[in-house]
Amino acid sequence: MLQIRLAAPNDLDGIAALLQANAPSRGGSLTGEFPTGKVAAMLRSGMPTVAALRDGRIVGALFSSSAAQPTPPAPVAAMLRAWPGGSGAYVYGPICVAASERGQGLPARLYAALRSSLPGGEAILFIRRDNAASLRAHQRLGMREVAAFTLDDTEYVVLSDAGHAGTSIREHHP
């Protein structure tokens, strides 16, 4: 049985294992590595993390973080320069789904749970331009491309859910 809920402190090891299994060093498409200490800090950030569990095992996770964080990682800082978001904006991601769960609509369920925890806020995220599967999945969620940036010779697309039901639309002039 699949359970979607806010992550709890005892989910740390399962979430870290999922992220590490999908890290670039293991052929995954996440941006960056996620050792346990980094995941622990992300879980303590005060922003919601949504977990998906199948039979008690972590099979999906979706993080959020403040768009106003004082020292964001380089890709997040570049994204926020390209598209800072509106009032109440937050950083969506990373999102990671176990290979065994892909193609079953889990990202939509994780996103719905996150939106219910952050009602009315604008989710902003970046995806490598060459990650077509993730771009399609997020467009199916109603997100749209609003900007782009290049970091370390890698092209990224910035997506936003501004205009999604309950999310305010605003003009942005970079």
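Simple spin-label model, 7 Å along Cα-to-Cβ: N10 to D55 in nm?
Once both label points are built, they end up 1.9 nm from each other.
First select every other residue whose beta carbon is under 15 angstrom from the beta carbon of E145; then total the charges, Lys and Arg +1, Asp and Glu -1.
+1
At a 1.4 Å probe radius, which order do T31, T150, T71, T49 fall into by accessible area, largest first?
T71, T150, T31, T49
Can you work out the PRE-style zone for S45? Point 7 Å along Cα to Cβ, and I want the residues of the stretch 115-133 with backbone N under 20 Å.
Inside the label zone: 115-129.
Normalising by the residue count of the chain, find the relative contact order in percent from Cα pairs under 8 Å and 6+ residues apart.
Normalised by residue count, the contact order of the chain is 19 percent.
With a 1.4 Å probe and every protein chain left in place, work out the accessible area per residue of the chain in Å², rounded to a whole number. The partial results should precede the final answer.
Numbers: 8570 Å² over 174 residues.
Using a 1.4 Å probe on heavy atoms only, each residue of the chain averages 49 Å².
Comparing G14, G105, G85, which has the greatest mean-square fluctuation in the GNM of the chain with Cα pairs linked when under 10 Å apart?
Of G14, G105, G85, the most mobile in the Gaussian network model is G105.
From the Cα gyration tensor of the stretch 1-64, with a ≥ b ≥ c the square roots of its eigenvalues, which class applies: rounded if a/c is under 1.5, or else prolate if a/b is larger than b/c, or else oblate?
Oblate, because a/c is 1.5 or more while a/b does not exceed b/c.
For the stretch 29-98, state which trypsin sites (Lys or Arg not before Pro) are in a DSSP loop and have at most 14 other beta carbons lying within 10 Å of their beta carbon.
Values: sites: K38, R44, R54, R57, R81; in loops: R44.
The qualifying sites are R44.
Using helices alone, I'd like the mean residue ellipticity at 222 nm for the chain: each DSSP H run of four-plus residues gives -39500 (n - 2.57), total over residue count, nearest 500.
Working: 5 runs with 48 residues, N = 174.
Theoretical 222 nm ellipticity from helices: -8000 deg cm²/dmol.
Using a 1.4 Å probe and ignoring any ligands, DNA or RNA, find the accessible area of V157 and quote it in Å² to the nearest 10.
Surface open to solvent at V157 totals about 0 Å².
Carbon-plus-sulfur fraction of the accessible area of the chain, 1.4 Å probe, in percent?
Values: 4590 of 8570 Å².
Within the chain, the accessible surface is 53 percent carbon and sulfur.
Hey, can you grab everything whose amide H is under 5 Å from the amide H of A147? Only 5+ residues off in sequence or another chain; H modelled, so Pro and N-termini drop out.
V158
Each residue of the stretch 83-89 in order: what ³J(HN,Hα) in whole Hz does its phi give by Karplus 6.51 cos²θ - 1.76 cosθ + 1.60, θ = phi - 60°, with x for Gly and Pro?
Once θ is set to phi - 60°, the couplings for the stretch 83-89 become 8, x, x, x, 4, x, 5 Hz.
In percent, how large is the relative contact order of the stretch 1-94, given Cα pairs closer than 8 Å and 6 or more residues apart?
Relative CO of the stretch 1-94 lands at 27 percent.
Tell me the net charge near S116. Cut-off is 13 Å between Cβ atoms, S116 excluded, with +1 for each Lys or Arg and -1 for each Asp or Glu.
+3
Long-range amide H contacts for A7: which residues qualify at under 5 Å (H placed 1.01 Å from N, peptide plane, sequence gap of 5 or more or a different chain)?
T49, V50, A51
The values are calculated or read from the model by the stated rules, or taken from the named source; none is laboratory data. These numbers were taken from a predicted model, which means no experiment stands behind them. Because the Cβ atoms are built from the backbone with ideal geometry, glycine has one as well, and the counts that use them run over all protein chains shown. SASA here: full protein model, heavy atoms, side chains in, ligands and nucleic acids out. Shrake-Rupley method; radii C 1.70, N 1.55, O 1.52, S 1.80 Å.
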